[in-house]
Structures are given as structure tokens and as C-alpha cells.
Amino acid sequence: MASADHLRTLDLKAFDETRAGVKGLADAGVTAVPSIFHHPPESLPDAAPQPHRFTVPVIDLSAAVTTRAAAVAQVREAAETVGFFQVVGHGVPEAATAAMLAAARGFFEEPVEAKAPYYTRDLGRRVRYQSNLNLFKSRAANWRDTLFMELPAAPEEMPAACRSVAPEYARLLQQGLGRTLLGLLSEALGLRPGHLEEEHGCLEGVSLACHYYPACPEPHLTLGTPRHSDADFLTVLLQDAVGGLQILVDLEDEDGAERKQPAWVDVPPVAGALVVNVGDFLQIMSNGRFKSVEHRVVANAVGPRVSVACFFRTDRTAASTTVIEPIVVTDGDGGARYSSTTAEEVVQRHYKVSSALQQQHFRL
């Protein structure tokens, strides 16, 4: 008699070989979530979430509203406390964000045979469509399909739906908002505005991950994305209006006298906003001042949810030689709290252990 693990492996292979992803299940009209997507109860959202008054900061970057000093102060506060914030007045045209979301959705909603040539688990390819990166290694599959693009990529490698839109959107973030954010974060560390970009190459590598979360018939049994932090310098997320992104934060009583248990709180979509979060690289480089916070996406009975994450990393060809080490600005910082490492090692450990264990591994 076949073991449960063997049967699960067969189910995973059968799902993967369809190349239709979770979208294929939704299109087939499934009314129950297959067992390969069932997550352990302890990792799923509580039926009755803890009440709170916490809100993710929204920062207006437009010069007409916010002075440079005020923007630096707001970004510093957000990066040091919650590691997440939303930005408006960011200079990325609404036409560009709308086009990027439409292109991503357009790709996922193409017929299976049109998407199949891009479906791969070959990490050597710069453009990869798949359902669940760690499908055969994770404890449970996630209710999500992904198109991942390492840029620049040859036009013929990219799906037609994204071929012109994605590089232009990435360029706007890399040369515009990304540069602005790294300048503000540099100043928040007491450095000159160009330090993180010019001395540490924080804008040299850019990747886009387009995610498609179909409506789920049993959202209480699975997740869109499990808890994790990002193995990069900085992430800028474009999300549609469906919602589902949550971050793990420490909530305090109103008098601040007693710290409660960590709790999951929503990052609600804000019209015209982009979500920014600190990555593991930047937590190490800031010597722990900036927080790379765990986050997840819950499954939803409403959908699809479409999002596009822009990761500022280092180019893969330089990952093994790119040094990630703490920047100790003054003697008052108390010395380095993290060991020196490489971008490659941080990424490799990211996929082997939990985010919390990874960050602990590099602490001195």
C-alpha cells in the first residue's frame, strides 16, 4: 500500500504537469481545496483576529506636500518600527501601474497552451512561470501562480503580454522611486543620499514577480503566500484592490505598559499607493535599525487578486561577491550586530530556514 507521502508526491506531480497552475483549478470549478494545499492550522489566520488600532504608515513623497527632512523622518520611523509603509506622490504614473497590473492579469488569463512554454522550474531561465517555487519541498502548496522576471531579459524570453510593459515599469521604479527611497533611507542612517545606491549597489539588480491569486473555495484551509521576509534590499509592491496582504507586528496596549503577542495586521490597498518594505539585506546593512518584517497573503473567497512585487537585489552574476555587512555610522551604534556575509548566502539560507532563524544566524 502506498504511503501518504508517496501519494502526495504523485498529486504534486500531477498538478505540476498540467502547467495550468491554481488558475486551472479555479477554471475547472473546484469546490474543495485539494489536500496538497492544506496548511497546518497553526499557520492559518485566526477565525477571530486580535482587535487593534495599528495602521501601516502612508507617506506622501510629493515635494508639494512633504519637505525632505519630514520625508526622511517619516521613512526612518517606518523602517525602524514596522519595516513596511505605503507611499503616494511617488512619481510613478498611474498609467504605468495600471498597464503593469493589466499585463500581469492578461498573461495569467491566457489559455493554458499559450502560457505553457514559459512554465519551468529551471532557475537558470530569467523568465519563469510556475505555480509554487518550492512545490515539491514545502509542507503545503499555496493558492497562487507566479510569473517571475529577472531583468533585463531578452524580449523573446518574455511573454507578449509583458514584453514592453514590464521593462518600462521596472525602469520607472529603478531610476525613479527606487533611487528616491534609497536616498531617504541613506539619510535616515545619517549617510549622504547616494550612499546605498552608489557604495552598495542596491539598485543594480531588479526582478518582478507577478502573482495571481484566484478566488478560493475554502480560504480557511490554505494561504496565498506563507509567512516570510524578503531576501533583498528593498521591495516595492503594486497591488490591486482585492487585499489580503498581512504583516506580523508587535502590538502594545494603549498605555504602552504591556507588550502583546505578535499579531497579523492587514495592509489595506490604498488608491494610487505602492507598498514598500525593508528586506533582509537592508536589515543587516542598517545594523538592525531597519526591520525586515515577516508578511503573508491570505487566501480569499473573492478574486482574482493580482500583484506585482519589484525586488531590488544584486544581479545574480555578482551575488557571490556582493558583500552584505553592517554599516556602523558612529561609535554610539555599539559596534556591528551582524556578521559580514554575501548576497548569495542570504538568499540560499532564505530558502532553507525561516526568516526569524535566518536573521538570527547572521547576528553576532
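The values are calculated or read from the model by the stated rules, or taken from the named source; none is laboratory data. No experiment lies behind these values; they were computed from the predicted model shown. Here the Cβ is made from the backbone with ideal geometry for all residues, glycine too, and neighbour counts use every protein chain on show. Note: areas computed on protein heavy atoms with side chains; ligands, DNA, RNA excluded. Shrake-Rupley method; radii C 1.70, N 1.55, O 1.52, S 1.80 Å.
Observations
- When its C-alpha radius of gyration is set against 2.2 N^0.38 Å (N residues), the stretch 90-184 gives a value of 1.20.
- Averaging the sequence gap over all C-alpha pairs within less than 8 Å and six or more residues apart, then dividing by the number of residues, gives the chain a relative contact order of 20 percent.
- Each residue was assigned an accessible area with a 1.4 Å probe, and for residue 325 the value is about 80 Å².
- Neighbour-limited loop hits for trypsin sites (Lys or Arg not before Pro), the stretch 90-122 (at most 16 other Cβ within 10 Å; DSSP other than H, G, I, E, B): 121
- When the P(r) is computed for the chain, the part past 31 Å accounts for 34% of the Cα-Cα pairs.
- Working from label points 7 Å from Cα in the Cα-to-Cβ sense, the residue 88 to residue 17 distance is 5.1 nm.
- For the stretch 116-248: relative contact order, % (alpha-carbon pairs under 8 angstrom, 6 or more apart): 25
- Basic side chains Lys and Arg get +1 at the Cβ, acidic Asp and Glu get -1 at the Cβ, and with that the dipole of the stretch 58-160 about its Cα centre reaches some 380 debye.
- Residues of the stretch 291-325 with an amide N closer than 12 Å to a point placed 7 Å from the Cα of residue 157 along the Cα-to-Cβ direction: 316-317.
- For the stretch 1-48: rounded, prolate or oblate by the Cα gyration tensor [a/c cutoff 1.5]: oblate
- When each of 23/291; 115/137; 115/291 is checked by Cα-Cα distance, pairs over 28 Å: 23/291; 115/291
- Antiparallel DSSP beta bridges within the chain, as percent of all bridges there, nearest 5: 90
- One equal scatterer on each Cα of the stretch 1-85, no solvent, Debye formula: the resulting log10 I(q)/I(0) at q = 0.13, 0.20, 0.23 Å⁻¹ is -0.75, -0.97, -1.15.
- The overall shape of the stretch 60-141, judged from the alpha-carbon gyration tensor, is oblate: a/c is not under 1.5, and a/b is no greater than b/c.
- Sparse packing (at most 15 other Cβ atoms within 10 Å of the Cβ) combined with a DSSP loop state is found for the following chymotrypsin sites (Phe, Trp or Tyr not before Pro) in the stretch 124-215: 136.
- Theoretical gain in end-to-end length, residue 329 to residue 270 [0.36 nm per residue, Cα-Cα removed]: 17.7 nm
- Anisotropy class of the stretch 158-232 from Cα gyration tensor, a/c 1.5 cut: oblate
- Pair residue 204, residue 192: separation of 7 Å Cα→Cβ label points (nm): 1.9
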